[in-house]
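The values are calculated or read from the model by the stated rules, or taken from the named source; none is laboratory data. For clarity, every value in this text was computed on a predicted model and none was experimentally measured. We place every Cβ from the backbone using ideal geometry, glycine too, and count neighbours over all the protein chains shown.
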Amino acid sequence: MDSPSPPAVLRVERLAKSFGDLQAVDGVSFHVAPGEIVGLVGPNGAGKTTTINMILGVLEPSAGRIEIEGVDLAVDRSRALSSTNFAAVYAPLPGNLTVEQNLRVFGMLYAVDNLSARVERLLAVYDLLRYRRTKAGLLSSGEQTRLSLAKAMLNRPRLLLLDEPTASIDPSNARDIRAGIAKFVDSGHCGVLWTSHNMYEVQAVCDRVLFLSHGRIVLEGDPKTLPEEHGAASLDDLFVNVAQEALHAGGAT
Amino acid sequence: MNRSRVGAIVLRILYLYRGSPQRVFPIFVFVAVDIVLWGFLTRYLNSVSRADFNFVPALLGAVLLWDFLTRVMQQLTMALFEDVWTRNFLNFFATPLRVSEYLAGLLIVAVTTSLLSLVAMLALAQIAFGLSFFAYGVALAPFLMVLFVTGIALGVTASALVLRLGPASEWLIWPIPMLISPFAGVFYPIAVLPRWMQAVAMVLPPSYVFEGMRAVVAGNPPPWDRLAIGGGLALVYLVLACLFFFAVYRSVIRTGLIARYSAETVS
């Protein structure tokens, strides 16, 4: 007998957001299970960041529902976000605080138990010990990304949102970071929603991928088998095909 | 209200002050410059005036109290600007932090730093110019409290404007105390104002404080009934300012403005 599947860490139902006449996100539904990495890909302006912002509670949906760990974000935002965290290239941590100060402030925001020990552990894991007294604004973009990821792990999130987490990191560091996140997720504790324009990365890391275009999910499946299923040579090619099809469809309306 | 989250907001500002003398500087130095400038001016006026009138408590006291109100407002707004300048709203508001907790953190910072300013001003006024507010005893407390609440209400309103209009609104909010001061009767009795300005003064809590202070300096008992009106008005403005701030926050969450401070544009 199959054991019942664990409840999703993130459940998004008919999520929509419009800005005037522009429908940025148009009735999107998906879920992320514990131990799963879901890729959210699509061309610029497809609605990826708008979707993530709504899940982070910094943008109110026009319609739909977001549940994190079974908690409706619209009903109890604070409780829902206590088990969530994120890292994004466009949201660097305050540059006028040191690495350690940033981790302490955000650790308090997430009410992390035994914060000092947690900060020390993350400084070591993300190779930031020697920068602990360095202002975050003085770090290289790769080091800032590592700091953002360390911040994202502070509260041992059940849902982790990563918006192009390796965009500014060299290939060697990017591989280490991907491996680190995959290991964290393998424990089955956490589910990840991962946006990226790097299809190699999506194929290497994600268990499932959602193609977003014009605010809608137009394709969904296993990134390793999807290209073949749709007659494309690679995920890169499939991405280009989907983007162009959506562009033509958009142009025809 | 979660104490850890409020504490995080306070700690962030504390870290900034600890590592940055240029942030500590204005808490003490600008107010000290004001006290020295007006202290000597009042001494000069005392020496050339034939009237049997002591300008020190009337003018220097007014400057001290007005600086206190201005500082409360500025400290609160400056704390918010730290998050504007570092494009930090997305980072903060994507955590469990509630907007009321964020505002509470800013208030604690503003209260602490403006009280430090007040102590510096009182000490300097006493040592350099012999103006002892302590001579008025606890009677001074309600006057300060009305200015304090008014300063917070102005700071919260200014912060809401920054949240709604963005960093460029800096130029709009700094002159707010200056715009109010002619109506508040800081340096002169309200009676010398034209009738329409008197009408405006009636709805400004500081005008009741400065009228009351002049009465006390002239040797009359504090006009508690008038001060109560000023206090009531200040509380009403504080409630309205907080409601305005929460409404603006809801609006920037609805429109996505708060994320646009750092994320790619959403429209």
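All conditions in (1) touching a Pro at 6+ places or on another chain (Cβ under 8 Å); (2) over 16 Å from B:Val146 (Cβ atoms) hold for B:Pro189, with the sole exception of (1). Taking the criterion of being of a type in the set (D, E, K, R) and in a helix (DSSP H, G or I), the residues of region A:97-137 that qualify are A:Glu100, A:Arg104, A:Arg118, A:Glu120, A:Arg121, A:Arg130.
Conditions (1) within 14 Å of chain A (Cβ to nearest Cβ); (2) touching a residue at least 12 places away in the same chain (Cβ under 8 Å); (3) among the hydrophobic types (A, V, I, L, M, F, W, C), marked per residue:
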{"position": "B:Val6", "(1), (2), (3)": "yes, yes, yes"}
{"position": "B:Ile13", "(1), (2), (3)": "yes, yes, yes"}
{"position": "B:Val24", "(1), (2), (3)": "no, no, yes"}
{"position": "B:Phe28", "(1), (2), (3)": "no, yes, yes"}
{"position": "B:Tyr44", "(1), (2), (3)": "no, no, no"}
{"position": "B:Val72", "(1), (2), (3)": "no, yes, yes"}
{"position": "B:Gln75", "(1), (2), (3)": "no, yes, no"}
{"position": "B:Arg87", "(1), (2), (3)": "yes, yes, no"}
{"position": "B:Ser114", "(1), (2), (3)": "no, yes, no"}
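Across region B:16-42, the qualifying residues are those that are aromatic (Phe, Trp, Tyr) and exposed (fewer than 14 other Cβ atoms within 10 Å of the Cβ), and the one among them that is farthest from the chain's Cα centre (by Cα) is B:Phe40. Among the residues of region B:46-66, those identified as of a type in the set (Gly, Ala, Ser) and in contact (Cβ under 8 Å) with a residue 12 or more places away in the chain are B:Ala58, B:Gly61, B:Ala62. Region A:166-253 holds helices (runs of 4 or more DSSP H) entirely within its bounds, and those carrying 2 or more residues that are outside the structural domain of A:Gln144 (by TED's automatic domain parsing) and under 15 Å from the mean Cα position of the chain (by Cα) map to A:171-186, A:199-205. Would you mind stating whether B:Val119 is farther than 30 Å from B:Leu257 by Cα and not in a helix (DSSP H, G or I)? Against the criterion (farther than 30 Å from B:Leu257 by Cα and not in a helix (DSSP H, G or I)), B:Val119 does not qualify. Would you check if A:Leu147 is over 26 Å from A:Glu13 (Cβ atoms), touching a residue at least 12 places away in the same chain (Cβ under 8 Å) and not polar (S, T, N, Q)? Yes: the conditions hold for A:Leu147.
Checked against the criterion of being surrounded by fewer than 24 Cβ atoms within 10 Å (Cβ to Cβ), touching a residue at least 40 places away in the same chain (Cβ under 8 Å) and not in a loop (DSSP other than H, G, I, E, B), the candidates A:Arg79, A:Arg14 yield just one match: A:Arg14.
Could you say which residue among A:Gly57, A:Gly45, A:Gly64, A:Gly35 is touching an Asp or Glu at 6+ places or on another chain (Cβ under 8 Å), in the same structural domain as A:Ala182 (by TED's automatic domain parsing) and part of a loop (DSSP other than H, G, I, E, B)?
Working: A:Gly57 fails: touching an Asp or Glu at 6+ places or on another chain (Cβ under 8 Å); A:Gly45 fails: touching an Asp or Glu at 6+ places or on another chain (Cβ under 8 Å); A:Gly64 fails: part of a loop (DSSP other than H, G, I, E, B).
From the options A:Gly57, A:Gly45, A:Gly64, A:Gly35, the qualifying one is A:Gly35.
With respect to the conditions (1) on the phi > 0 side of the Ramachandran plot; (2) without any contact (Cβ under 8 Å) to a residue 24 or more places away in the chain, B:Gly130 falls short on a single one, namely (2). Out of A:Gly57, A:Gly39, A:Gly27, one residue alone is modelled with pLDDT of 90 or more, away from chain B (no Cβ under 14 Å) and at positive phi. It is A:Gly27.
Restricting attention to region A:99-108, the residues that are more than 19 Å from B:Glu101 (Cα to Cα) and at the interface with chain B (Cβ under 8 Å from one of its Cβ atoms) add up to 1. Tell me which residues, restricted to region A:170-198, are surrounded by 15 or more Cβ atoms within 10 Å (Cβ to Cβ) and of a type in the set (Lys, Arg). Within region A:170-198, A:Arg178 is the sole residue that qualifies. Reported count of residues in region A:61-97, each being more than 8 Å from chain B (Cβ to nearest Cβ), of a type in the set (S, T, N, Q) and over 15 Å from A:Pro157 (Cβ atoms), is 1.
Look at B:Tyr208 and say whether it is over 20 Å from B:Val111 (Cα atoms), aromatic (Phe, Trp, Tyr) and either touching a residue at least 40 places away in the same chain (Cβ under 8 Å) or exposed (fewer than 14 other Cβ atoms within 10 Å of the Cβ) (or both). Before the answer, list the steps.
On the way: over 20 Å from B:Val111 (Cα atoms): yes; aromatic (Phe, Trp, Tyr): yes; either touching a residue at least 40 places away in the same chain (Cβ under 8 Å) or exposed (fewer than 14 other Cβ atoms within 10 Å of the Cβ) (or both): yes.
Taking the combined requirement at face value, the residue satisfies it.
B:Gly219 passes every criterion in (1) within 14 Å of another protein chain (Cβ to nearest Cβ); (2) surrounded by fewer than 19 Cβ atoms within 10 Å (Cβ to Cβ); (3) at pLDDT below 90 apart from (1).
Table: residues versus (1) closer than 21 Å to B:Val248 by Cβ; (2) over 19 Å from the mean Cα position of the chain (by Cα); (3) in contact (Cβ under 8 Å) with a residue 24 or more places away in the chain; (4) within 14 Å of chain A (Cβ to nearest Cβ).
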residue	(1), (2), (3), (4)
B:Pro96	yes, yes, yes, yes
B:Val119	no, no, no, no
B:Leu144	no, no, yes, no
B:Leu147	no, no, yes, no
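Looking for something closer than 30 Å to A:Asp26 by Cα, without any contact (Cβ under 8 Å) to a residue 60 or more places away in the chain and buried (at least 19 other Cβ atoms within 10 Å of the Cβ) - is there at least one such residue anywhere in region A:205-212? No, region A:205-212 has no match at all.
Hey, does region B:183-195 have a residue that's in contact (Cβ under 8 Å) with a residue 40 or more places away in the chain and of a type in the set (Lys, Arg)? No - not one qualifying residue is present in region B:183-195.
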